[in-house]
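The next block holds one structure in the form of structure tokens; read it before the comments.
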Amino acid sequence: MKNKITIKKSNNYIHFYLHCDTGQAYLFSEKYHKGVYDYFRNGRSETELRKYHSYNSNPRRDHTIAKCLMKSYRRSALEELGAA
């Protein structure tokens, strides 16, 4: 299974999770932004995020995608799952 980023919305925040073969791990949270929520609503694979080419159309979404792909967040999530 490819790694997938999913979200959950609560109390005006969006919580990001990494799903992989070994389970689900928390990545980070940020304040709710409609553009970010709409983009991640159905989940996105890491491959899909790497191929993202619409930079500069929504700066908040661009920043969040870059944050999702940061090795430090992914590494700590995978360590939490014991898949590192």
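The values are calculated or read from the model by the stated rules, or taken from the named source; none is laboratory data. Model, not experiment: these values are computed from the prediction. For neighbour counting, all protein chains shown are included, and Cβ atoms are generated from backbone atoms with ideal geometry for every residue, glycine included. Only protein heavy atoms, including side chains, enter the accessible area calculation; ligands, DNA and RNA are left aside. Shrake-Rupley method; radii C 1.70, N 1.55, O 1.52, S 1.80 Å.
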Given backbone amide H placed at 1.01 Å from N, residues whose amide H is under 5 Å from that of residue 27, ignoring those fewer than 5 places away on the same chain, are 16, 17, 18
Could you work out which residue, out of 34, 67, 51, moves most in a Gaussian network model of the chain, that is, has the largest mean-square fluctuation with Cα springs under 10 Å? 51
At what distance in nm do the modelled label points of residue 21 and residue 48 sit from each other, each positioned 7 Å from its Cα along Cα→Cβ? 2.2
J(HN,Hα) series, region 72-79, from Karplus relation 6.51 cos²θ - 1.76 cosθ + 1.60, nearest Hz, glycine and proline x: 5, 5, 5, 4, 5, 5, 5, 5
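Taking all protein chains in place and a 1.4 Å probe, what share, in percent, of the accessible surface of the chain do carbon and sulfur account for? Walk me through the numbers before you get to the answer.
Working: 2420 of 5220 Å².
Of the solvent-accessible surface of the chain, carbon and sulfur hold 46 percent.
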Where the only charges are on Cβ atoms (+1 Lys, Arg; -1 Asp, Glu), what is the dipole of the chain about its Cα centre, to the nearest 20 debye? 240
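As a check on your grasp of the helix formula, calculate [θ] at 222 nm for the chain: sum -39500 (n - 2.57) over DSSP H runs of n ≥ 4, divide by the residue count, round to the nearest 500.
Values: 4 runs with 33 residues, N = 84.
After summing the helix terms and dividing by the residues of the chain, the value is -10500 deg cm²/dmol.
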For the chain, what does the accessible surface come to per residue with a 1.4 Å probe? Please give it in Å². 62
So if the hydrodynamic radius of the chain is defined as the Kirkwood radius over C-alpha pairs, what does Stokes-Einstein give as its diffusion coefficient at 37 °C and 0.692 mPa s, in µm² per second? 253
With each label point set 7 Å from Cα along the Cα-Cβ vector, what nm distance links residue 6 and residue 66? 2.8
